[in-house]
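Note sheet for the following structure.
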Amino acid sequence: MLNNVSARTQSSVSIRELSLSFGSVTVLENLNLDIHDGEFLVLLGSSGCGKSTLLNCIAGLLEPTEGQIFIKDKNVTWEEPKDRGIGMVFQSYALYPQMTVEKNLSFGLRVAKVPKDEIDRRVARASGILQIEPLLKRKPSELSGGQRQRVAIGRALVRDVDVFLFDEPLSNLDAKLRSELRVEIKRLHQALKNTMIYVTHDQIEALTLADRIAIMKSGVIQQLDDPVTIYNRPKNRFVAGFIGSPSMNFLTGELVDEGGHTVFKTNGVSFSLDGYDAYEPLKGGRKVILGVRPEHIKVDGDIAGGEVHEAVVDIEEPMGADNLLWLKHAGHVMSVRIGGARRYAVGAKVRLAFDMTMASLFDAGTEERI
Amino acid sequence: MDKSLTMPASGPVSRPGISAPAGSRLETGPQGKRPRKVLSSRNIIVYGALGLAAIYYLIPLYVMVVTSLKGMPEIRLGNIFSPPMEITFEPWVKAWAQACTGLNCDGLSRGFWNSVRITVPSVIVSIAIASVNGYALANWRFKGSEIFFTILIVGAFIPYQVMIYPIVIILREMGLYGTLYGLILVHSIFGMPIQTLLFRNYFVSLPEELFKAARIDGAGFWQIYFRIMLPMSLPIFVVSMILQTTGIWNDFLFGVVFTRPDTYPMTVQLNNIVNSVQGVKEYNVNMAATLLTGAVPLIVYFVSGRLFVRGIAAGAVKG
C-alpha cells in the first residue's frame, strides 16, 4: 500500500493507520490511503466491506477508534464535519423535505451566516452548473429522482468545498438515469477539478468514473490502482473475481516443468504460459489458479496463432452486442465472449486460444498474483 | 444497446406477429371486472358485527344525552330509553354553574378551569422535553444513551401506586404539595417515558442521512432540531398531544391525591357531584356534568382524528 511520506505534500486527503471498531466488530483495520489533489477515487466493494464507513470517517460523521485523517495537509481527525471542507451526496438524496430547492441549497450557508448577496451569487452559480434554475422554487417532493440527486450535488457545490464525498449517489435511480447522471458527474469533475471520493458497489460506475479504484474487502483495501490495471492485472483472486461481468474464468491446477518450459496443467490438459508476465520466475510443482477473462479467449476465426484447444458449447447467451458462450473444456465450464453476430449451436465443437499476455496466475494458497 | 436492435420506431399498429386475432372483437362471456354480491354472507357477518359493536358503545352515550335533557319529573317516570318529551337545558346550566361540592356551589366550571390550568402546561412541558429527549436518543447516540433509555422505559412499567407516597413527601419538601404546580410537575414527569419512547421511535424512522446532511451543512444540536426535525414531525406532535391531553384530562388518581378541594381538577369534582349523598339524586344534572367533563377528550379526538391516524402510521415519511 502507498505509504511514502513525500506523497503527503501533494495529496488532498490522507488516511493514516485508520481503524474503527464497534464493540468487538472491527470494520476498518489499519487503513492507509493517499488521495491526490483533483483525483477521482472510487471505493469499490460489496456491502459490508467498510467503504461507506470509511467515507463517513472522512466526513467526520463517525469517529475512528485509531489513526488520523488529513485533508489539505491539515489534521482533521477531531474536527467537526463542517470544518473539514467537505461536501457529501447521499444515496437517498437527503434533501430537507420542508424546504424549497433554493433553501436546500442555501441551508449550509445560512447556518454559517454568509451574507445574503453572497448566498444568492453562489446558489445562482451552482444551479447554473447543474441546470436546475427552473426548479429553485419547488419542494423536493415535486422533483424526479434525477433532479433530486442534482440538487443534492448542488448542496455540496454551493459550499465551495475542497473534497466531494459521494455515498452510492446513483443506486436509487433507474438504469437509464443512472448512466446519464454518471456522465454528468464525470463532466462535473472535469470542469471543477475537485478531489472526489465516490463509494459504490457498481463496478461499471467504478471503471468509468475513477482515476483510481480502491477495492475493499472486510475493511482492508485489496488493491489501489487505475481501472485498466485493476482490470488487467488484478493483485489477487478476490479483485479478479469482483471486477468484470461475467466473472473471470478460474481454472485450478498446477505448474509443471515440461521440456524446458513451465506450463499450467489441469485435469490432464496442459496450457502454454507463453507471454505471461510473471512477477517471479515460474517453477513447476506449485498449485496455482489460472484466471482468464471471457474476452481474452479467442474462438475459431479470431485465433491468430499459438496453442489451440478444443471445447464443446454448453450454453449460448446472446446479449445483443455480444454473444456469451459457456464452454466445457478440461473439466471446467468457462465463459467466452464473442461478437453478437456469431452464433453457435449447443453441442458444437469450437477451437480456443488463450491469450496469456492478458491472463492472471494466482497462488492456490495465498490467492496472490504471481 | 445498439439502436438497430431496439423496436422499430412506433409506426402503424399492425406490426407482424404482434397483431390481435382477426377482427379483435370481444367474445361473449365474462369480461372486465367480476361483479360482487352486496348481500354476501361475508358482508352480512362483517357489517353485522361492526354494527352491533357500534350500538353497544353508543347506547350508554344515547341514554346520557337524553337523560341530561329531561326534567326530573320525566326521569321519575322511569323509561330511560325514551327521548325527552320536553327538552330542557336546565340540568346543563346547573351542572356547569350551580352544582354543589362541599362548600362550593359554583358547579363544574371551577373544575374545568383547574383542569385547563393543569393540562395545558403539563402537555406543553412534557412534549417539549420528551421531543428533545427522543431526538437526542435517536440521533446523538451519546455515551450511556442506551442505559438512559432502558431506565426510562423501565420507568413506564412501575405501577403508580408504588410512587404516590414518595412523591407526596417530595412535593411537601419542595413546598409544592396541594398546588397546581405540583400536579403539573407530576404529570410532566409521568408522561416522560412513553412520550420519549414515542418521539425516539419517530425520529429513528426518519432517514438518518437527513441528519448527516444537516451536520455536514454545519447545523448544531438545536439548529437541526428546530430547522430540520421539527418541521417534519407534525404528525407525531399531534399524536403526542392527543395522548397527553386526554390522559391528563381524564386523570383522577393524581388529581385527588396531589391537590386540595379548591384546586381539584374536573374529574375529581365530577365524582364529588355525582357521589354527593345529600338530597335527591339529580340524574339529569349528573349526566350533563359527565358529558361536560368528557367533552374535551371527545372534541380533541374529533378534531385531530385524521392527523392521529396519520401519526400512528408514521414512519412512511419520505425523505
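Looking at B:Pro91, B:Pro84, B:Pro16, just one residue is surrounded by fewer than 13 Cβ atoms within 10 Å (Cβ to Cβ) and at pLDDT below 90, and that residue is B:Pro16.
Does the stretch A:254-269 include one or more residues that are touching a Lys or Arg at 6+ places or on another chain (Cβ under 6 Å), of a type outside the set (Val, Ile, Thr) and not assigned by TED's automatic domain parsing to the domain that holds A:Ser19? Taking every residue of the stretch A:254-269 in turn, at least one turns out to be touching a Lys or Arg at 6+ places or on another chain (Cβ under 6 Å), of a type outside the set (Val, Ile, Thr) and not assigned by TED's automatic domain parsing to the domain that holds A:Ser19. Looking at A:Gly301, A:Gly305, just one residue is exposed (fewer than 13 other Cβ atoms within 10 Å of the Cβ), modelled with pLDDT under 90 and in a helix (DSSP H, G or I), and that residue is A:Gly301.
Evaluating A:Ile197 against the criteria (1) among the hydrophobic types (A, V, I, L, M, F, W, C); (2) under 24 Å from A:Ile129 (Cβ atoms); (3) without any contact (Cβ under 8 Å) to a residue 12 or more places away in the chain leaves one unmet condition, (3).
In the stretch B:167-199, which residues are hydroxyl-bearing (Ser, Thr, Tyr) and either more than 28 Å from the chain's Cα centre (by Cα) or surrounded by fewer than 20 Cβ atoms within 10 Å (Cβ to Cβ) (or both)? Result: B:Tyr177, B:Thr179, B:Tyr181. Within the stretch A:57-79, being of a type outside the set (Lys, Arg) and part of a loop (DSSP other than H, G, I, E, B) holds for A:Gly60, A:Leu61, A:Leu62, A:Glu63, A:Pro64, A:Thr65, A:Asp73, A:Val76, A:Thr77, A:Trp78, A:Glu79.
Screening the stretch A:50-95 for residues that are free of Cβ contacts under 8 Å to residues at least 40 places away in the same chain and away from every other protein chain (no Cβ under 14 Å) and picking the one that is nearest to A:Ser12 (Cα to Cα) gives A:Lys74. Scanning the stretch A:147-181 for residues that are without any contact (Cβ under 8 Å) to a residue 40 or more places away in the chain and surrounded by fewer than 17 Cβ atoms within 10 Å (Cβ to Cβ) returns A:Asp160, A:Asp174, A:Ala175, A:Lys176, A:Leu177, A:Ser179, A:Glu180. Taking the options A:Arg155, A:Arg148, A:Arg110, name whichever one is within 13 Å of chain B (Cβ to nearest Cβ), under 20 Å from A:Ile58 (Cβ atoms) and among the charged types (D, E, K, R). Result: A:Arg155 is the single residue among A:Arg155, A:Arg148, A:Arg110 that is within 13 Å of chain B (Cβ to nearest Cβ), under 20 Å from A:Ile58 (Cβ atoms) and among the charged types (D, E, K, R). The residues of the stretch A:196-209 that are surrounded by fewer than 21 Cβ atoms within 10 Å (Cβ to Cβ) and not in a helix (DSSP H, G or I), listed by number, are A:His201, A:Asp202.
State whether one or more residues within the stretch A:210-228 are under 29 Å from A:Glu317 (Cα atoms), among the polar types (S, T, N, Q) and without any contact (Cβ under 8 Å) to a residue 40 or more places away in the chain. No, the stretch A:210-228 contains no residue that is under 29 Å from A:Glu317 (Cα atoms), among the polar types (S, T, N, Q) and without any contact (Cβ under 8 Å) to a residue 40 or more places away in the chain. Meeting the requirement of 2 or more residues that are under 14 Å from the mean Cα position of the chain (by Cα) and farther than 17 Å from A:Thr366 by Cβ, the strands (runs of 3 or more DSSP E) wholly within the stretch A:210-268 are A:212-217, A:220-225. Just wondering, is there one or more residues in the stretch B:128-138 that are at pLDDT 90 or above, of a type in the set (Phe, Trp, Tyr) and either crowded, with 19+ Cβ neighbours inside 10 Å or not assigned by TED's automatic domain parsing to the domain that holds B:Ile242 (or both)? Yes, some residue in the stretch B:128-138 is at pLDDT 90 or above, of a type in the set (Phe, Trp, Tyr) and either crowded, with 19+ Cβ neighbours inside 10 Å or not assigned by TED's automatic domain parsing to the domain that holds B:Ile242 (or both).
Among the residues of the stretch A:98-107, the one identified as surrounded by 18 or more Cβ atoms within 10 Å (Cβ to Cβ) and facing chain B (nearest Cβ under 8 Å) is A:Phe107.
Among the residues of the stretch B:21-72, which ones are among the β-branched types (Val, Ile, Thr) and outside any helix (DSSP H, G or I)?
Selection gives B:Thr28, B:Val38.
Taking (1) among the hydrophobic types (A, V, I, L, M, F, W, C); (2) farther than 30 Å from B:Pro60 by Cα; (3) modelled with pLDDT of 90 or more; (4) within 29 Å of the chain's Cα centre (by Cα) in turn, B:Phe112 satisfies each apart from (2). For A:Arg337, state whether it is part of a loop (DSSP other than H, G, I, E, B) and either buried (at least 17 other Cβ atoms within 10 Å of the Cβ) or free of Cβ contacts under 8 Å to residues at least 60 places away in the same chain (or both). Considered against the rule, which asks whether it is part of a loop (DSSP other than H, G, I, E, B) and either buried (at least 17 other Cβ atoms within 10 Å of the Cβ) or free of Cβ contacts under 8 Å to residues at least 60 places away in the same chain (or both), A:Arg337 comes out as no. In the list B:Leu210, B:Leu171, which residue meets the criterion of being facing chain A (nearest Cβ under 10 Å) and assigned to a helix (DSSP H, G or I)? None of the other options fit; the residue is B:Leu210.
This table checks each residue for (1) in contact with a strand residue (DSSP E or B) (Cβ under 8 Å, 6 or more places away or on another chain); (2) not hydroxyl-bearing (Ser, Thr, Tyr).
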{"position": "A:Cys49", "(1), (2)": "yes, yes"}
{"position": "A:Leu55", "(1), (2)": "yes, yes"}
{"position": "A:Pro64", "(1), (2)": "yes, yes"}
{"position": "A:Gly67", "(1), (2)": "yes, yes"}
{"position": "A:Ile71", "(1), (2)": "yes, yes"}
{"position": "A:Thr77", "(1), (2)": "yes, no"}
{"position": "A:Glu80", "(1), (2)": "no, yes"}
{"position": "A:Gly85", "(1), (2)": "yes, yes"}
{"position": "A:Phe90", "(1), (2)": "yes, yes"}
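Residues that are under 18 Å from B:Asn133 (Cβ atoms) and either within 9 Å of chain A (Cβ to nearest Cβ) or assigned to a loop (DSSP other than H, G, I, E, B) (or both) within the stretch B:181-207 comprise just one, B:Leu206. For the stretch B:250-259, indicate whether the set of residues that are within 11 Å of chain A (Cβ to nearest Cβ) and of a type in the set (D, E, K, R) is non-empty. No, the stretch B:250-259 contains no residue that is within 11 Å of chain A (Cβ to nearest Cβ) and of a type in the set (D, E, K, R). If you go through the stretch A:11-40 and keep only what is hydrophobic (A, V, I, L, M, F, W, C), surrounded by 14 or more Cβ atoms within 10 Å (Cβ to Cβ) and under 18 Å from A:Gly67 (Cβ atoms), you end up with A:Val13, A:Ile15, A:Leu18, A:Leu20, A:Val27, A:Leu28, A:Leu31, A:Leu33, A:Ile35. As a summary of the residue check, B:Ile224 satisfies the conditions (1) crowded, with 23+ Cβ neighbours inside 10 Å; (2) within 12 Å of another protein chain (Cβ to nearest Cβ) except for the one numbered (1). Name the residue that is farthest from the chain's Cα centre (by Cα), counting only residues in the stretch A:158-184 that are among the polar types (S, T, N, Q) and within 12 Å of another protein chain (Cβ to nearest Cβ). Step by step, filter the stretch A:158-184, then rank; the result is A:Asn172. Going residue by residue through the stretch B:142-164, is there one that turns out to be under 30 Å from A:Asp160 (Cβ atoms), out of contact with any Gly (no Cβ under 7 Å at 6 or more places or on another chain), in a loop (DSSP other than H, G, I, E, B) and within 14 Å of another protein chain (Cβ to nearest Cβ)? Within the stretch B:142-164 (the criterion being under 30 Å from A:Asp160 (Cβ atoms), out of contact with any Gly (no Cβ under 7 Å at 6 or more places or on another chain), in a loop (DSSP other than H, G, I, E, B) and within 14 Å of another protein chain (Cβ to nearest Cβ)), the answer is no, since none of the residues qualifies.
Please verify whether B:Ala295 is surrounded by fewer than 17 Cβ atoms within 10 Å (Cβ to Cβ) and farther than 19 Å from B:Gln195 by Cβ, treating the condition exactly as stated. Taking the combined requirement at face value, the residue satisfies it.
The values are calculated or read from the model by the stated rules, or taken from the named source; none is laboratory data. The structure displayed is predicted, hence computed values, not measured ones. Note that each Cβ is placed from the backbone with ideal geometry, even for glycine, and that neighbours are counted across all protein chains shown.
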